[in-house]
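Encoded as C-alpha cells, the structure appears first; notes follow it.
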Amino acid sequence: MVSLYIHVPYASFRKSYARSFAETYPLPPPSTVYGMLLSLVGERFRRRHSGVRMAFAYKCRPHDEICKGQCLPPVATTLRKLSRFKYGVGGKEGAKPDYVETLCGIRFLCLVDSSRESAGESMTDNANNALAGLEDRIKEALELPEKITRSGVLSLGLSDDAVNDLHLCAKPNGKWHRLLPSETGSIELPIWVDHTGSAWTRWQRFEFEGTASPITGSPDSSDWTWTEIIDPRLI
C-alpha cells in the first residue's frame, strides 16, 4: 500500500446529468482520482491497472479545526457569459448566463493498493517484462520523475484544475475525515466512467465521516473498506 497527500486549490467535477447549471460533485470522484494517477505515471491505457483499490480521507480547512460537521470542501459558483455562436457572430442575442460550481481547497489522502490488480497481469511493457503495479509506478514517478514519459501539467480532472502538491505520506499527521463506502450513504460518486455512453458507467455510495480521527492503519476494517476501481466489462 502507498499513501499520497494531494492538494488541489480548486476543481470542478461536473455531475453526470448536469446541464445549464454545472453542479459539481461534493468530493473528487474515485474515477477522476484514478485518471489523475494514470496521468502521473504516464499511462494512456485506462484498463491497465483495473482492479486497483483506493481509499480516501479528507482534511478540514485550515481555519476550521473545529469543523462542527461542515468539513466538505466549500463550493464557489462562477457566473460566466456563454455565447451560442462563434466569436464575433450573433452579438448580445446569442449570449446567455452560464453557472459553474467549483470546489475550493481540496486536501485529501489517497491510499492505493495494487495487490488485487488483474487487468495488467497478462500485459507487458516494451521490454517484455511484467508491468509493475500502480503503487510501484507511483513511487517511481515521484522518486525518479526523469524515467516517466508524460506531458502537460498534472490535473485532477480538467486541465484548469492543476494539482498544487502530491507527495508520499507514510505517516499522516493530524485528524482526517474518512470517506466510507456505504450502500445507504448520502454521497454517490462515479468509480468508472464510460466515455462513449453510459452503459458501463458505475457509481458507488459513500458516507462522509462527520468526526475527524487520526489515520492509524489501512482500510481493512468493517467500517472503512477499499473502493475497487475496475472496468465492469472485465468482471
* Compute the distance in nm between two label points, each set 7 Å from the Cα along the Cα-to-Cβ direction, one at residue 158 and one at residue 194. => 2.6 nm
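For the stretch 161-217, count the residues as N, evaluate 2.2 N^0.38 Å, and divide the Cα radius of gyration by that value, please.
Working: Rg = 15.3 Å, N = 57, 2.2 N^0.38 = 10.2 Å.
The stretch 161-217 yields a ratio of 1.49.
Between residue 82 and residue 231, what is the FRET efficiency for a Förster distance of 45 Å, r being their Cβ-Cβ separation, to the nearest 0.05?
Result of the calculation: an efficiency of 0.85.
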* Taking 0.36 nm per residue of separation and subtracting the Cα-Cα distance, what length does fully extending residue 222 through residue 186 add? -> 11.1 nm
* To do: Diagonalise the Cα gyration tensor of the chain and give the resulting equivalent ellipsoid semi-axes, square root of 5 times each eigenvalue, largest first, whole Å.
  => 30, 24, 18
* Helix-derived mean residue ellipticity, 222 nm - over the chain, DSSP H n ≥ 4, -39500 (n - 2.57), to 500 -> -3000 deg cm²/dmol
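At R0 = 25 Å, how high is the FRET efficiency between residue 201 and residue 148 if r is their beta carbon distance? Nearest 0.05 is fine.
Values: r = 29 Å, r/R0 = 1.16.
Once the sixth-power term is evaluated, E becomes 0.30.
Quick one: of 139/175; 15/96; 147/175, which pairs are farther than 29 Å apart, Cα to Cα?
Numbers: 139/175 24 Å; 15/96 21 Å; 147/175 35 Å.
Over 29 Å Cα-Cα: 147/175.
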* To do: Choose one answer from 105, 197, 51: the residue with the largest mean-square fluctuation in a GNM of the chain with alpha-carbon springs under 10 Å.
  => 197
* Asked: Distance in nm between label sites at residue 173 and residue 136, each 7 Å beyond Cα in the beta-carbon direction?
  -> 3.2 nm
* Structure fact -> Under the 7 Å Cα-to-Cβ spin-label approximation, residue 99 and residue 5 lie apart by a distance in nanometres of 3.6 nm
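I want the local charge near residue 184. Using Cβ-Cβ distances under 9 Å, sum +1 for each Lys or Arg and -1 for each Asp or Glu among the other residues. List each step's numbers first, then the result.
Numbers: positive: 205; negative: 183, 207.
Net charge around residue 184: -1.
Only the coordinates and a few stated rules stand behind these numbers; no lab work does. Being a predicted model, the structure only gives us computed values, none of them experimental. FYI the Cβ positions are ideal-geometry reconstructions off the backbone, even for glycines, and counts take in every protein chain you see.
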